[in-house]
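Data block below; observations after.
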Amino acid sequence: MTVMQERAMLTREKVIAGAADVFYRLGFGGATLADIIAAAGVTKGALYFHFPSKDDVAFAVIDAEHEIATAAATRILESSSGPLESMLRLCADLAERLTTDPIVRAGIRLTTETSTFDRSVTRPYEDWLATFETLARAATVAGELRADTDAEKLAHFIIPAFTGVQMVSDVFTERADLRQRVREMWEILLPALVPPGSHGSSERMLAAAFPAR
């Protein structure tokens, strides 16, 4: 890679990082390109070289968030001992990133502002739904969830439930309590989902995914 290409890549990363800060604080509608240029510390020409419009910057932030979340999910899926543990750890990991990672926070906020964009921003949700449906089906086959579990319905409940929990947490505490609220969501769900006699095992998984601090 040439020095010029490296500089272009660094500039693009600076724009995405600056835009993430602005979009998270102001939302897409409240953000301006001037705000993004100031936060990124780049020139107007440098921004327009990479992104012709504010929409393009927003899509880049969403894509960056999805890449971060997907990479983290891949590591979790490869290291977990079973599908139910994976589901718990995926939720715990995203809750943590929503409190610490500016790009993840901004990307998630932007995906909740779907009416703002002409282009669909549903892909991250579609991927999460597919992942959790696959995990729920595998957990049912493995006996970690009740035999009558409907994997598709469960996935379509967990992902919107998580989304609602994080949005309400953001309103009340700027997500300071998000990790605890997501744990509580699973504390309510697990007794209804796991087979009789498996509650102890699921409680240990929950404690491992959301260790006390």
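For MET167 and SER81, a Förster radius of 35 Å and the Cβ-Cβ distance give a FRET efficiency of 0.65, rounded to the nearest 0.05.
Can you work out the PRE-style zone for ALA34? Point 7 Å along Cα to Cβ, and I want the residues of segment 97-111 with backbone N under 11 Å. So the set is empty, nothing qualifies. Using C-alpha pairs under 8 Å with a sequence gap of at least 6, the mean separation divided by the residue count of the chain gives a relative contact order of 20 percent.
Per residue, how much accessible area does the chain show when a 1.4 Å probe rolls over the protein heavy atoms, in square angstrom? If you can, show how the numbers build up before the last one.
Details: 11050 Å² over 213 residues.
For the chain, the solvent-accessible area averages 52 Å² per residue.
Our summary of shape: the Cα atoms of segment 61-118 have principal axis extents of 40, 23, 15 Å, ordered from largest down, in whole angstrom.
To two decimal places, what compactness ratio does segment 1-81 give when its Cα radius of gyration is scaled by 2.2 N^0.38 Å? Show your work: numbers first, answer last.
Working: Rg = 14.7 Å, N = 81, 2.2 N^0.38 = 11.7 Å.
Normalised Rg, Cα atoms only: 1.26.
Under the combined filter of DSSP loop state and at most 15 neighbouring Cβ atoms within 10 Å, segment 103-176 retains these trypsin sites (Lys or Arg not before Pro): ARG119, ARG146.
Carbon-plus-sulfur accessible fraction, the chain (probe radius 1.4 Å, protein heavy atoms only): 56%. Scalar couplings 3J(HN,Hα) for segment 117-130, obtained by applying the Karplus form with A = 6.51, B = -1.76, C = 1.60 to θ = phi - 60°, are 10, 7, 8, 5, 10, 8, 4, x, 5, 4, 5, 5, 4, 5 Hz; x denotes Gly and Pro. Put the Cα centre of segment 149-213 next to the Cα centre of segment 8-74 and the gap is 31 Å.
Helix 178-193 and the long axis of the chain differ in direction by around 30°, with both axes built from C-alpha atoms. Working from Cα pairs under 8 Å separated by at least six residues, relative contact order for segment 1-119 is 34 percent. Over the chain, dividing the summed -39,500 (n - 2.57) contributions of all DSSP H runs of at least 4 residues by the number of residues returns a 222 nm mean residue ellipticity of -26000 deg cm²/dmol.
Taking 0.36 nm per residue of separation and subtracting the Cα-Cα distance, full extension of the segment from THR112 to ALA207 would add 31.2 nm. Heavy-atom accessible surface of GLU78, to the nearest 10 Å², is about 140 Å², with a 1.4 Å probe and all protein chains retained.
The values are calculated or read from the model by the stated rules, or taken from the named source; none is laboratory data. Given the structure is predicted, the values throughout are model-derived calculations rather than measurements. Here the Cβ is made from the backbone with ideal geometry for all residues, glycine too, and neighbour counts use every protein chain on show. Only protein heavy atoms, including side chains, enter the accessible area calculation; ligands, DNA and RNA are left aside. Shrake-Rupley method; radii C 1.70, N 1.55, O 1.52, S 1.80 Å.
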